[in-house]
Each structure stands twice: as C-alpha cells, then as structure tokens.
Amino acid sequence: MTDEIWDSLLPNEYRVLSPYQWTPIEIIRFTWEYLKTQSVYSVMDLGSGVGKFCLNLVQFANGSFPVYGVEDRKGLVTVSEKLMLKLKITGVTFTQSDFLVNFPYGHSHYYVFNPLYELMKGEHSIDFKKEKSAIEFIKNIQILKHHLYQCKKGTQVITYHGFGGSVLPGYKIVKKKEWELGEWMVWEKE
Ligand SMILES: C[S@@+](CC[C@H](N)C(=O)[O-])C[C@H]1O[C@@H](n2cnc3c(N)ncnc32)[C@H](O)[C@@H]1O
C-alpha cells in the first residue's frame, strides 16, 4: 500500500484532506516495527478517521492482534467500514462514538493522532460541525488526560503530532522519533 493508492480509494472530499488528517503509510509501518517488539493485547485508534491507521496496521501485523477504531463522525465510520469490506480486511472493528464521553478502556495500546486539535484551527478541517474554541480544546484535553490516567500500569499511548498537550500525567516517555512529517512518541503508564 502507498499513500497514493490509499488516497485513490477515498471519496474526493476526504482524499483532499489526506496530507493533513490521515496518518502516512510510512508512519504506520514504523509503528508496526515498534509494536512487533512489544507484547500487544489490542490497539485502539482514538479518532480513527477514514480507518487508514487501523486498516493498514492490521495488514502489517497480519492479524497478530485485534485493532479497533473509535470515531465520532458517522460518515467517516461508514467510509472505514466500506474500505474494510472492499479490501477484504478482517481483525478491525470500527465504532461510532465520542471517546471523551465513552472512553474505550482495556486496550494495551492506544494510538492518538492529535484528534482534539481540530477545535483550534480553521484550515483543512474535516467539516465545520464542531465550533472552534480554545476553551473547549483545553477542556477536552483535560478530559482525555483524565481517561488516560485511569488506564492500567504498562498501557502505552503512541502519539503522532502529539495529543494536544505537553505533559501526560502518570506517563513517562519511552520512545521518541522526530520525523520530517511530524513527531512520533510512545508514552507508558507508570
Ligand atoms: C487527525 S484525524 C486522525 C485519523 C486517524 N487516526 C489516522 O491516523 O488516520 C483525527 C480524527 O479524530 C476524530 N475525533 C476528534 N475528536 C473525537 C472524539 N471526541 N471522539 C471520536 N473521534 C474524534 C476526528 O473526527 C478525526 O477523524
């Protein structure tokens, strides 16, 4: 899979967002290279978009662990599920839900590509259904931090372009790589 092939599978409205909103294949491959050295029970993508991270990770991993995605935009969940069927991919489950409200506890690994930042910027937005608000952004980061704090010891959170803050209470940084594409980090619950 390449980013170009992946993009060609998307409806145009989501294809144009690809460089800004969906994880590049190179980063997904690098995440897999890291995960295969770890003991992984399951991976949850918080804000799974068009399913690019989940669908490509499960293929790299050849089904060695289940992958889940939670996404609050119904249209994006529909696209993810259609791609899953079209590409005949198994081992992935997508759910339409707000992870701030119904946090999906119980996974060994979480993937976070700065999902809350959309409240801060006007460019390359998926849509304009969510009102831009710095106050709401800060409030939501606090809620996410609170949920991640409740996760059990050893839980790992992999961030790409960060999670929206600089400190994740209860977590230490165990790996970090600066890509030209953006910063990739692994945080572990102590
Ligand atoms: C930057 S995109 C990343 C998409 C995907 N993880 C990937 O790497 O290709 C962030 C996604 O998070 C979703 N999102 C933002 N806030 C959310 C929330 N509270 N609950 C569920 N999804 C959310 C957005 O709709 C968007 O699809």
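The values are calculated or read from the model by the stated rules, or taken from the named source; none is laboratory data. These numbers come from a predicted model, not from an experiment. Methodologically, a virtual Cβ is constructed for each residue, glycine included, from the backbone with ideal geometry; neighbour enumeration extends over all protein chains shown. Keep in mind that these areas ignore ligands, DNA and RNA; they rest on the heavy atoms of the full protein, side chains included. Shrake-Rupley method; radii C 1.70, N 1.55, O 1.52, S 1.80 Å.
Remarks
- Per residue, in Å², the accessible surface of segment 3-189 once ligands and nucleic acids are set aside, probe 1.4 Å: 50 Å²
- Carbon + sulfur, % of accessible area of the chain - ligands and nucleic acids excluded, 1.4 Å: 52 percent
- At least 20 Å along the helix axis (C-alpha) and Kyte average at least 0.0, DSSP helices within the chain: 134-150
- Restriction of the chymotrypsin sites (Phe, Trp or Tyr not before Pro) in segment 83-190 to DSSP coil positions whose beta-carbon has at most 16 other beta-carbons within 10 angstrom yields Tyr105, Phe128, Trp179.
- Computed helical MRE - 222 nm, the chain, DSSP H runs ≥ 4 contributing -39500 (n - 2.57), nearest 500: -9500 deg cm²/dmol
- For segment 46-92, the set of trypsin sites (Lys or Arg not before Pro) satisfying both a DSSP loop assignment and a count of at most 13 other C-beta atoms within 10 Å is given as Lys88.
- The trypsin sites (Lys or Arg not before Pro) of segment 135-190 that DSSP puts in a loop, and whose beta carbon has at most 12 other beta carbons within 10 Å, are Lys152, Lys153.
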